[in-house]
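Structure, as structure tokens:
Readers should treat all values here as calculations from the given coordinates under stated rules, not as data from a laboratory. Keep in mind the model is a prediction, meaning the values are calculated, not measured. Every residue, glycine among them, receives a Cβ derived from its backbone with ideal geometry; neighbour counts consider all protein chains shown.
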Amino acid sequence: MSCSVVKGEGPFDPFTVTHERILETALGLFSTKGYLGATTREIARQAGIAEVTLFRHFPSKEKLLEEAITRYSILPSLRAFVPRALAMPYEDALAAMANILLDTLIQLKDWLRIMHAEVQRSPEKLLGVYHTFLDELFEVIASYFRELQQRGSIGSFDPELGARVFHAMFYCFFNIEEVLLRKQYRPTDREKAVREFVRMFVHGTGGIGRTDYARAS
């Protein structure tokens, strides 16, 4: 798996260039060999640096994984999209969020497949990193729901649980289509699936006057 970093036209910064190259190389190796199988020595060698240089940038392999997840995951693009989403119709915004999520999941498919297997094998090494990322992801989506609730635009429900439901719908779709390869058995129209999933979600969360979460809890 290859990842590209878009570099700006600012002054050349050797430290930043090396930092980015380490991240790209690490994610590529994590995607093919897994977190446990990719050593810092091999990451450094493929990045064209000494291992001691790698540790000047990242004090541990875990810290390297944390930054790689943050940098190449959905978080940057989703955070940037939320202000735009707040100005869009609810269904349109959710459909756009779903497509951002699906595009990112497909791009990182190889890495995710290996990561899930390794979380089961070595939970003590990876659970914290993986679920810290999920907490951040759920909070970004929940912040969108929270703001719309404060505006009175959508009904009352637990924003974090709503975020988890929204993520689960599209993660499940990705997993079945891309990982379990249902698309090769019986293809599903992605645009239609996104539209229908969003419509069902909106009918469950968009109506004002349904059970008030704050009172029910």
Discussion item. Report the gain in length on full extension from Ala96 to Val140: 0.36 nm times residue separation, minus Cα-Cα distance, nm rounded to one decimal.
Written reply: 14.4 nm
Worksheet item: To the nearest µm²/s, what D does Stokes-Einstein give for segment 1-130 at 10 °C and 1.306 mPa s, using the Kirkwood radius over alpha carbon pairs as Rh?
Response: 98 µm²/s
Worksheet item: In deg cm²/dmol and to the nearest 500, what is the mean residue ellipticity at 222 nm of the chain if only DSSP H runs of at least 4 residues count, each as -39500 (n - 2.57), divided by the residue total?
Response: -23500 deg cm²/dmol
Worksheet entry | Structure-derived Rg and Dmax of the Cα atoms in Å: which label, when the choices are (i) 20.0, 65; (ii) 17.4, 53; (iii) 19.7, 62 | (iii)
Worksheet entry | Protection proxy ranking of 178-185, 110-117 - average other beta-carbon atoms within 10 Å, highest first | 110-117, 178-185
Worksheet item: Which whole-Hz couplings ³J(HN,Hα) result when phi for each residue of segment 66-71 is put into the Karplus expression 6.51 cos²θ - 1.76 cosθ + 1.60, θ = phi - 60°, listed in order with x for Gly and Pro?
Response: 4, 6, 4, 4, 5, 6
Worksheet item: Got a sec? How would Glu51, Glu191 order by Cβ neighbour count within 10 Å, fewest to most?
Response: Glu191, Glu51
Worksheet item: What full-extension length gain, to one decimal in nm, is calculated for Tyr171 and Thr39 as 0.36 nm per residue of separation minus the Cα-Cα distance?
Response: 44.6 nm
